[in-house]
1. Please give the number of the condition R53 fails out of (1) out of contact with any helix residue (DSSP H, G or I) (no Cβ under 7 Å at 6 or more places or on another chain); (2) in a loop (DSSP other than H, G, I, E, B).
2. Have a look at S13, S9 and point out the one that is modelled with pLDDT under 95 and polar (S, T, N, Q).
3. When you check R47 against the structure, is it at pLDDT below 95 and among the basic types (K, R), yes or no?
4. Looking at L40 and the list (1) within 23 Å of A85 (Cβ to Cβ); (2) assigned to a loop (DSSP other than H, G, I, E, B); (3) modelled with pLDDT of 95 or more, which single condition is not satisfied?
5. Given the residues D34, D77, which is the only one that is surrounded by 12 or more Cβ atoms within 10 Å (Cβ to Cβ), without any contact (Cβ under 8 Å) to a residue 12 or more places away in the chain and not small (G, A, S)?
6. Scanning region 42-71 for residues that are exposed (fewer than 11 other Cβ atoms within 10 Å of the Cβ) and charged (D, E, K, R), which turns out nearest to the chain's Cα centre (by Cα)?
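The values are calculated or read from the model by the stated rules, or taken from the named source; none is laboratory data. Please read these numbers as outputs of a predicted model, since none were measured by experiment. A quick note on method: Cβ atoms are made from the backbone with ideal geometry, for glycine too, and the neighbour counts reach across all protein chains shown.
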Amino acid sequence: MGRDYQPPSQWRSVRVPLRVIERAYGSEHDNAGDDMAYALHQVSEWRDQYRHRFSFDSTHPNPWYHAMVFEVEGIPDSVYARLVAEMAELGLVPEGI
């Protein structure tokens with residue numbers, strides 16, 4: 001028997017400028033990441049429902065545009081909107097994104 005085809009999972013991302021993190025957390029990027037993961041936990045129906053990962057984008061020559069990128073796999077639009085709202089409450093993203 002063949003395996004059932006499953007389309008690849010979609011990853012959704014939230015870019016948080018490092019200048020915003022440093023204003024709120026100083027140089028403690030890990031603490032910002034912990035709060036992002038906690039925000040995801042708050043909007044999930046069960047623990048570890050969505051895989052997530054972090055990366056840094058420093059490809060732009062101007063550090064003003066460097067960011068921490070928080071990516072979540074397979075998150076529906078409605079849950080993603082709640083995640084962004086949770087992150088806005090933490091001051092990591094502007095409200096209305």
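1. All conditions are met except number (2).
2. Working: S13 fails: modelled with pLDDT under 95.
Exactly one of S13, S9 is modelled with pLDDT under 95 and polar (S, T, N, Q), namely S9.
3. Details: at pLDDT below 95: yes; among the basic types (K, R): yes.
Judged against the criteria, R47 is a match.
4. (2)
5. Values: D77 fails: surrounded by 12 or more Cβ atoms within 10 Å (Cβ to Cβ).
Just a single option satisfies the conditions, and that option is D34.
6. D48
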